[in-house]
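Computed from the coordinates by the stated procedures, all read-outs in this text should not be read as laboratory data. Values in this document were obtained by computation on a predicted structure and should not be read as measured data. Cβ placement follows ideal geometry from the backbone for every residue including glycine, while neighbour counts extend to all protein chains displayed.
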Amino acid sequence: MTTKVVQDNPSGAATMLKAALPVLPGVNLLPGIAKKGGDLPDLTLVREGIAVDPAHVAAYARVCEFPTRQHLPLTYPHLLSFPLQMAIMTDASFPYPAIGSVHLANTITQHRQIRLGETLGVTVRPANRHQHAKGTVFDLVTEVRADGETVWESTSQYLRVGRGDPEAPAERDRLEIVPPGPITWRLPADLGRRYAAVSGDHNPIHLYGLTAKAFGFKQQIAHGMCTLARSVAALDNRLPEAATVVAEFKKPVFLPAKVAFGSRIGHDDVEFSLTRPKDGAPHLVGRASAL
């Protein structure tokens, strides 16, 4: 296993440029840039001594509408993981382009709340490559530690569309759509740019209509992790300190948009959905449960 220690947070702009190169005609044929598929690298990236900036947490909370707390929002550690995820996907050894990979699902386990001021370590590795009816699926697995204790974990599941296996079992689809309640959200056209500013995820499909059209979308789309964070924020007072949140990303949210939020409280969990008001088509379905 190759383990690399990352001293500083990878540059978002430089990483996004590297991510774009494998999808540029001609450039994508060059050695070291070409992505030809195949096995995942046995590569783990580690970053230690991360001091979270309270001002950055507050900015993230404002975008995703979390209340002010003395601990990190449940979805915030994804932002610590994301630069390492991109560093792995833009590494010469990684077989698939980052841009164009579809975020299918995310599972987050918070073992305890992470207090503002704690020093953290983050580890990210790829895992679980397998066939899908529409291409190839792989995971990026994250662990966040405080004083040697694992306090937060996640698995981000991605699909690289291409030659698939029609006989492959369906991915997840185990979560039910929750009927919408009276709550609707108006998501502004600049939400992708606002979330990019706090998350570092400047994928062009989220920024402007023009940049999204260059990658086959009719207009810019919301980040899946932004809509998930907004949903978790809406449930903030219902979730225990130790919890697991599972979400599946369905139809993209084209910005600006109006979406309907629904939730259903069970015995030991909460199910939730974001749907399109005009026809009930799902954008996101999820479930939060106590550990």
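Some notes on this structure:
- One residue from 258, 278 being without any contact (Cβ under 8 Å) to a residue 60 or more places away in the chain and either in contact with a Leu (Cβ under 6 Å, 6 or more places away or on another chain) or basic (Lys, Arg) (or both): 278
- Residues satisfying the stated conditions in region 62-75, i.e. touching a residue at least 60 places away in the same chain (Cβ under 8 Å) and closer than 16 Å to residue 198 by Cβ: 63, 64, 65, 66, 73, 74, 75
- Filter result (assigned to a strand (DSSP E or B), among the charged types (D, E, K, R) and under 11 Å from residue 286 (Cβ atoms)) within region 242-259: 248
- Top-ranked residue in region 196-215 [being small (Gly, Ala, Ser) and either touching a Phe, Trp or Tyr at 6+ places or on another chain (Cβ under 9 Å) or closer than 21 Å to residue 105 by Cα (or both); ranked as surrounded by the fewest Cβ atoms within 10 Å (Cβ to Cβ)]: 209
- Among residues of region 129-164, those that are more than 17 Å from the chain's Cα centre (by Cα) and under 20 Å from residue 83 (Cα atoms), counted: 4
- Matching residues in region 207-236 - criterion: being in contact (Cβ under 8 Å) with a residue 40 or more places away in the chain and not small (Gly, Ala, Ser): 215, 225, 226, 227, 228, 230, 232, 235, 236
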